[in-house]
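Heads up, the thing below is written out as structure tokens.
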Amino acid sequence: MNFRDVPNLLKFEQHARLNSEDEIVMDCYRRIREVIAPVPRPSPVLDFGGGTPVDSLRASCEAVEKSTRLLWACAAATDQITPRLWDYLPDYDSSISYFLDLNDLELMAVTKRHRIAWEETAHV
């Protein structure tokens, strides 16, 4: 899997290219790349008979979920979430812990009320 396979990861990749001097952005880029690189590209056709495509789909979903949490952590630590989640700018490690520890419904609630700034300005 690569960044171009998922629209929000592609937008983050574009943001990372424009902000390559930012240590937090580049660390997050590396972390996400490590999560998605070993995962096979999503298959355009689902074959439920063999089992392997379903396992591949599961791996893709898990990689997208974890990478989404990482990019939200990066956005929080670099002041790219609108409106801001907190009255302060969190440190990157705390932000990662926060987003990785949210359960799925909590993450959905956060992402419904807030937006990542680079996703609004990305040119896909």
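What follows is calculated from the coordinates using simple rules that are stated; it is not laboratory data. As the structure is a computational prediction, the values presented were derived from the model and not from experiment. Note that we place each Cβ from the backbone using ideal geometry, even for glycine, and neighbour counts take in every protein chain shown.
Quick notes
- From the coordinates of this entry, percent of Cα pairs over 19 Å apart is computed, and it appears in (i) 55; (ii) 69; (iii) 49 under the label (iii).
- 3J(HN,Hα) along the stretch 63-79: 5, 5, 4, 5, 5, 5, 5, 5, 5, 5, 5, 4, 4, 5, 6, 10, 6 Hz, from the Karplus curve 6.51 cos²θ - 1.76 cosθ + 1.60 with θ = phi - 60°, whole Hz, x for Gly and Pro.
- About its Cα centre, the dipole of the chain is roughly 360 debye, where the only charges are +1 on Lys and Arg Cβ and -1 on Asp and Glu Cβ.
- Candidates Leu100, Tyr29, Ser60 compared by Cα position along the dipole of the chain: farthest toward the positive end lies Ser60, with charges placed on Cβ.
- Computed log10 I(q)/I(0) for the stretch 55-106 at 0.20, 0.21 Å⁻¹: -0.69, -0.74, from the Debye equation with unit scatterers placed on every C-alpha and solvent omitted.
- Seen against the Cα atoms of the chain and their longest principal axis, helix 23-36 is set at about 10 degrees.
- Taken about its Cα centre, the stretch 1-42 carries a charge dipole of roughly 260 debye when the Cβ of each Lys and Arg holds +1 and the Cβ of each Asp and Glu holds -1.
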